[in-house]
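The values are calculated or read from the model by the stated rules, or taken from the named source; none is laboratory data. Values in this document were obtained by computation on a predicted structure and should not be read as measured data. Because the Cβ atoms are built from the backbone with ideal geometry, glycine has one as well, and the counts that use them run over all protein chains shown. Accessible surface areas use protein heavy atoms only, side chains included; no ligands, DNA or RNA. Shrake-Rupley method; radii C 1.70, N 1.55, O 1.52, S 1.80 Å.
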Amino acid sequence: MLNGTEDEEKWLAEGIAGIQHNAFYMHRALDSNNLREALKYSAQMLSELRTSKLSPHKYYELYMRAFDELKRLELFFKDDSKHGVSVVDLYELVQHAGNILPRLYLLCTVGSIYIKSKEAPAKEVLKDLVEMCRGVQHPIRGLFLRSYLAQISRDKLPDIGSEYEGDADTVMDAVDFVLQNFTEMNKLWVRMQHQGPGGVREKREKERSELQDLVGKNLHVLSQIEGVDLEMYKETVLPRVLEQVVNCKDDLAQYYLMDCIIQVFPDEYHLQTLETLLGACPQLQPTVDVKTVLSRLMDRLSNYAASSADVLPEFLQVEAFSKLSNAIGKVIEAQLDMPAVGAITLYVSLLTFTLRVHPDRLDHVDQVLGACVKKLSNIPKLEDSRAMKQVVALLSAPLEKYNDIVTALTLSNYPRVMDHLDIGTNKLMAMVIIQSIMKNNSCISTADKVEVLFKLIKGLIKDIDGADVDELEEEDFKEEQNSVARLIHMLYNDEPEEMLKIICIVRKHTMVGGPKRLPFTVSSLVFSALRLLRQLQGQEGDIVGEEASMTPNKIFQLLTQAANGCDIEHVAYEFFTQAFLLYEEEIADSKAQVTAIHLIIGTLQRMNVFGVENRDTLTHKATGYSARLLKKADQCRAVYACSHLFWVDDQDGIKDGERVLLCLKRALRIANAAQQMANVARGSGGPVSLFVEILNKYIYFFEKGNKQITSSAIQGLIELINTEMQSDSTNPDSVADAFLASTLRYIQFQKQKGGVMGEKFESIKL
Amino acid sequence: MVLVLAIGDLNIPHRAPDLPPKFKSMLVPGKIQHIICTGNLCIKEVHDYFKTLCPDLHITRGEYDEDSRYPENKTLTIGQFKLGICHGHQVIPWGDLDSLAMVQRQLDVDILVTGHTHQFKAYKHEGGVVINPGSATGAYSSFTYDVNPSFVLMDIDGLRVVVYVYELIDGEVKVDKIDFKKTATAPSAH
């Protein structure tokens, strides 16, 4: 192969040298106005183009050299004062050149001047030239020759408003000329496929594609002709071009030319000739990538629709959607072995098209989805990841367009498409849906829509057969489930009846989630329910009492919440009992225990639904558990927190001064014990702070009017603290110091208040 | 002028799906110098979101926070002010101003930022100022039926702090402000 390239380089170099050599002499002849010599050397020069050894790429280089030289020659030919021969005679003279290729190049060059001179109608010269070029049937040589013809004739076509238009010359003649040149060039191009040894098909195809623009240029020229209006395009240009495209039966040419037509001519023309254009598609070779052609057509039309609202009625008028839809259907039917990704890409393009052109026609959207379902049903198991990506694109498009999941939920085929996704992609799509809802702050407010939604996201809600939940990384799983938890709050209706229906549906679906999912989702569900309960005021629901194997902490939290929201004594009592049981049996972590106790105490403190007996039992339990926490410091704090259980500031709240004091004293004992342990262990953090905290509590209740707490008790405590601090002077606790200082400052402040408060505090001697 | 965002009790995802869109559009990165968060985010996504608003993030643990490593309370100094943070579920009775005052004395701070009740509060007492930014999502609370989403922005300038509270009421964001001034010994309000 390398040899081949090396040889080609050599031949090209030889060819260029040949051209340069002859050009030199040609220039000399031009300078001395010697027509005969000029013709002789130009013909020799052009003979270099007779080679068949070069690939198109290299031939092009050679051609360009010759092209430059021909320009100079043309200038010389034009000025008949220099050579004294009329253009008519010149036209005849050049035909004496020996070989046909140089002869025709020269003829075209003179022909250009002939037309310019207007001594004959343009159409006649053009016709003559295009026919004469038939003499060269070698594909590469012929293509370049005709390309030359196209090039030099370009500005001399009898277009409307051009100087070459006349009675004898019309736009039709221009069109005829270009069409004929195009047809011949295409034939040559196709012929290349069948030339040469059979084994190098790939090489040939590559060479052909290098030449494709030469052929396509003609279409470009046609699109530029002013006189080619819609009428002419419809009646003449398109039919004839398509005729050639279909008849050539060459898949490379067909694909390129179809695409070329679509890109080169205006979109309005395509709309108006849609049927003709689409009608050609089934007639193309089966190996042509028709779906890409159609996709590109639809994309162009979609962009056209998006460019301006004025054009939209036109789309409706020509019934673009149904035509495209039918065409696609036919193509997919005809090409039975089209891979799934191809068919789905077509549907994606069609969907994009309909979403742009008539987004309000949901039936169209549903139709496209339905067609996709049909196609997917014929495939046993879709495993191609690219096809999957396309399906996701298909499903995401309506979400993006409508910004409103509710619309997508009304498309009957939407869930059916989702059913065909593999489990991983299904979950991915479910996340896309949830994200769309969150982003748009959508609210789904009817039970039946919620039902549809949960069917769509069922991959996230429960284990699907064949899915391997363990495979999913923990982080990703968490993110998934948290998304579902957040979603639950977007399902809402002001109307209690409807809301209850919604909650029931959510519960039905989340309950089958299994132990891995429930911890995430049940909380949301419960709070959603609690909100509803509030609305219904006083009606209890037994939603919380679910046999869910969630983390104990979670259940605990929910129980305390439920108790708080409940104003039926025995139910609330039951919640607390369950909570205590759970605390004892399941909550083992010491830190969790501290939090749990605070929740119990805090909740209990606020509740006024209990009668004396029940309340006593519960507070007794709470205090007991508080005193049995792991660390002494935690015990102390929990116990003094319990003191508030015996004193509620409300009018008819409990105010048992004695038991408050008992609690505080208990806390003191614990603090003392902690202090002693610290003295033994040396350096255990700040039990002195505990004393100051308890002191603050004494002051709190003193202020509230608890008679059992005396000023002397407070004074005693202050002295105790001072003693402790002094004895620990080797290890000063600046935090505790500051705390004590600010506490004392508070006492001073209260003293200076005057009035009843001032008097009260007066008794405390500092 | 130093801007400090005080925010908390979002309870995402258990009680609320997300911050209200109107709040989200107001909270842009680069404008705030510090964020103080009272707790109950509850998930990592919320933590990460706050980090994008401002890298200087201080959080204390709420009882439902997933990350148990957040501290129970925290103190920091901003300008002339010492600030303390504590979620408040540990302080019983919940929401009781005197008990909170004790915590303030214990932490020895001028401003105590606390949460748990989902109700906005800002008041001064002898020992300093207590601020509760409420719940930024308006999450369900056993305290009150009427939870409007709210958060607080503090503008600390020398010895003065202006507290702006943003509340979402009936779909509209309403702003109110309170001035606090710190004297050599204690802050006073006007």
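Once you average over the residues of A:737-750, how many Cβ atoms of partner chains fall within 10 Å of each Cβ?
3
From Cα coordinates alone, what are the radius of gyration and Dmax values for region A:146-251 in angstrom?
15.7, 54
I need to check one value: relative contact order of region B:2-181, counting alpha carbon pairs closer than 8 Å and at least 6 residues apart, in percent.
Numbers: 435 pairs, mean separation 37.7, N = 180.
Relative contact order of region B:2-181: 21 percent.
If contacts are Cα pairs under 8 angstrom and at least 6 residues apart, what is the relative contact order of chain A in percent?
4 percent
Identify all aspartates and glutamates with a Cα-Cα distance to A:Lys401 below 18 Å; exclude those on the same chain that are fewer than 8 residues away in sequence.
Once the sequence-local aspartates and glutamates are set aside, what remains near A:Lys401 is A:Asp299, A:Asp360, A:Asp363, A:Asp366.
At 1.4 Å probe size, with the rest of the protein present, what percent of the exposed accessible area of chain A is carbon and sulfur atoms?
49 percent
Straight-line reach from B:Lys177: which lysines have Cα under 20 Å away, leaving out those fewer than 8 places along the same chain?
Here the lysines satisfying the reach criterion relative to B:Lys177 are B:Lys22, B:Lys31, B:Lys121, B:Lys124.
Based only on Cα atoms, what Rg/Rh ratio does region A:613-692 have, Rh being taken as Kirkwood's radius?
Result for region A:613-692 is an Rg/Rh of 1.06.
Once you have all Cα-Cα distances for the protein assembly as shown, histogram them in 20 Å bins from zero and send the whole-percent values.
Over the protein assembly as shown, the share of Cα pairs per 20 Å bin runs 11, 28, 21, 16, 14, 8, 2 percent.
If you project the alpha carbons of region A:212-334 onto the principal axes, what extent comes out on each, in Å, largest first?
Principal-axis extents of the Cα atoms in region A:212-334, largest first: 39, 39, 22 Å.
Given a 1.4 Å probe and heavy atoms of the protein chains only, how would you sort A:Glu69, A:Glu574, largest accessible area at the top?
In descending accessible area the options line up as A:Glu574, A:Glu69.
Need one value for B:85-92: mean number of C-beta atoms belonging to other chains within 10 Å of its residues' C-beta atoms.
Mean shielding count: 4.
Run the Debye formula on the Cα coordinates of region A:61-104, all scatterers equal and no solvent, and tell me log10 I(q)/I(0) at q = 0.25 1/Å.
So the normalised log intensities work out to -0.99.
Leaving out ligands and nucleic acids, and using a 1.4 Å probe, what accessible area per residue does chain A come to in Å²?
Accessible area per residue: 46 Å².
So what's the convex hull volume per residue for the Cα atoms of region A:1-119, in Å³?
Residue-normalised Cα hull volume stands at 86 Å³.
Mind ranking A:His364, A:His194, A:His138 by accessible surface for me, highest first, 1.4 Å probe?
Largest accessible area first, the list is A:His194, A:His138, A:His364.
So which lysines can A:Lys249 reach, going by Cα to Cα under 23 Å and dropping same-chain residues fewer than 8 places off?
A:Lys187, A:Lys203, A:Lys206, A:Lys217, A:Lys234, A:Lys291, A:Lys330
Alpha carbon centre of region A:581-625 versus region A:1-72: separation in Å?
About 103 Å separates the Cα centre of region A:581-625 from the one of region A:1-72.
Please compute the Kirkwood hydrodynamic radius over region A:369-519, one decimal place, Å, based on all pairs of different Cα atoms.
16.0 Å
Run the numbers on region A:119-265 and let me know its relative contact order in percent, using alpha-carbon pairs under 8 Å that are six or more apart.
Relative contact order, region A:119-265: 25 percent.
Kindly count the pairs of lysines across region A:1-152 whose alpha carbons are less than 18 Å apart, treating pairs on different chains or eight or more residues apart as eligible.
Summing the qualifying lysine pairs gives 12.
Starting from the residue with the highest accessible area, list A:Val200, A:Val392 in decreasing order, probe 1.4 Å.
Largest accessible area first, the residues go A:Val200, A:Val392.
Considering the options B:His89, B:Leu3, B:Thr52, tell which one lies farthest towards the positive end of the dipole of chain B, charges being +1 on Lys and Arg and -1 on Asp and Glu at the Cβ, about the Cα centre.
Positive-most Cα among the choices belongs to B:Leu3.
Just to be sure I understand the curve: with the Debye formula and one point per C-alpha of region A:421-505, what is log10 I(q)/I(0) at q = 0.13, 0.18, 0.20, 0.22 Å⁻¹?
Scattering profile of region A:421-505, log10 relative to I(0): -0.43, -0.79, -0.93, -1.07.
Taking a 21 Å limit on the Cα-Cα distance, which of the listed pairs A:Lys591/A:Lys665; A:Lys462/A:Lys516; A:Lys458/A:Lys478; A:Lys704/B:Lys74 fall beyond it?
Over 21 Å Cα-Cα: A:Lys591/A:Lys665; A:Lys704/B:Lys74.
Using a 1.4 Å probe, how large is the accessible area of A:Asp650, given in Å² and rounded to the nearest 10?
Its heavy atoms expose roughly 90 Å² to the probe.
Cα-Cα pairs above 25 Å in region A:622-766: how many percent?
It works out to 30 percent of all Cα pairs.
Probe 1.4 Å, all protein chains in place: accessible area of A:Leu242 in Å², nearest 10?
Estimated to the nearest 10 Å², A:Leu242 gives 10 Å².
Ignoring everything except DSSP H segments at least 4 long, calculate the 222 nm mean residue ellipticity for chain A; use -39,500 (n - 2.57) per segment, divide by total residues, nearest 500. Don't jump to the answer; show the numbers that get you there.
Details: 38 runs with 548 residues, N = 766.
Using -39500 (n - 2.57) per qualifying helix, the result is -23000 deg cm²/dmol.
So, taking all protein chains as they sit and a 1.4 Å probe, how much accessible area belongs to A:Cys443, in Å² rounded to tens?
Taking all protein chains as shown, A:Cys443 has close to 70 Å².
So what's the convex hull volume per residue for the Cα atoms of region B:2-181, in Å³?
Looking at region B:2-181, the number lands at 103 Å³ per residue.
Please compute, for peptide B:102-109, the average count of beta-carbon atoms on other protein chains lying within 10 Å of each residue's beta-carbon. Working shown, then result.
Details: counts 11, 2, 1, 12, 10, 4, 7, 1.
Rounded to a whole number, the mean comes out at 6.
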